[in-house]
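Here's the structure, in structure tokens; my notes come after.
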Amino acid sequence: MSEWTSAGENLSMSSWTVQPEPVDSPTAVAVIRTYLSDIIARYYDRPATPAEIDQAIADDPTDDLARFFVGRRGGEVRGCVGFRLVDRETAELKRMFVDPAARGTGGGAALLAAVEEAAVSFGAAAIRLDTRTDLVEARALYARHGYREVPAFNDDRYAEHWFEKRL
């Protein structure tokens, strides 16, 4: 278990606890569904349906993640992140999420620190990700933490920006 206390983007002090979590645990499943509900709703500009969330899980399962983390603030699950290994030296960040009510409190930084440390422990020298244009908070977070835009490395239908960071 790791704990980060950091000055958040809103100049408030917060304490986040980030722990590995089995990706199939009830806690992980619940936070992944919350994450998918958020990004689906933002994409379609309406609430996500349970069927859409189920389809997103089927289209991009998380059972191949090398490690998955859950972030808590005040004891409540407020975020998650995981990674898969693409090859011996490259990790791919997946399921990065901070609950909208907890954004700007340092959770994104805490989750990134945990996943990057774990990726290095698995031998990764770089970590990459893709994201959408409308996920402006995520893109800003990645840029603040040393991720740089790179040419497309996949053809995911929702990917509009690709980032990488050397670890």
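Every read-out reported here was derived from the displayed coordinates using simple, explicitly stated rules and does not represent laboratory data. Everything numeric in this text was worked out from a predicted model, so none of it was measured. Please note: Cβ atoms are built from the backbone with ideal geometry, for glycine as well, and neighbour counts cover all protein chains shown.
Expressed in nm², what is the orientationally averaged projection area of the convex hull enclosing the Cα positions of region 70-167?
Averaged projected area of region 70-167's Cα convex hull equals 6.1 nm².
Pick out which of Phe122, Phe69, Phe153 has the largest mean-square fluctuation in a Gaussian network model of the chain, springs linking Cα atoms closer than 10 Å.
Among Phe122, Phe69, Phe153, the largest GNM mean-square fluctuation belongs to Phe153.
Hey, in the GNM for the chain with a 10 angstrom Cα cutoff, which one of Thr49, Thr17, Thr34 fluctuates hardest?
Thr49
So what's the back-of-envelope 222 nm ellipticity for the chain, counting only DSSP H runs of four-plus at -39500 (n - 2.57) apiece and dividing by all residues, rounded to 500?
-10000 deg cm²/dmol
Of Ala118, Ala140, Ala28, which has the largest mean-square fluctuation in a 10 Å C-alpha GNM of the chain?
Residue with maximal mean-square fluctuation among Ala118, Ala140, Ala28: Ala140.
How much length is gained on full extension from Arg132 to Asp59, taking 0.36 nm per residue of separation minus their Cα-Cα distance?
Between Arg132 and Asp59, full extension yields 24.6 nm more.
Whose amide H sits under 5 Å from the amide H of Lys94, counting only residues 5 or more places off or on another chain, with H placed in the peptide plane?
Residues meeting the criterion, in which the H sits 1.01 Å from N, are Gly82, Phe83, Arg84.
So if R0 is 22 Å, what FRET efficiency would Tyr43 and Leu167 give, r being the distance between their Cβ atoms, rounded to the nearest 0.05?
E between Tyr43 and Leu167, to the nearest 0.05, is 0.15.
In 10 Å bins starting at zero, report the fraction of Cα pairs in region 19-137 per bin as a rounded %.
All Cα pairs, binned at 10 Å, distribute as 13, 46, 36, 5, 0 percent.
How much length would be gained if the chain were fully extended between Gln19 and Ala140, taking 0.36 nm per residue of separation minus their Cα-Cα distance, in nm to one decimal?
In short, 41.2 nm is gained.
Do you know the relative contact order of the chain, to the nearest whole percent, from alpha carbon pairs under 8 angstrom that are 6+ apart?
20 percent
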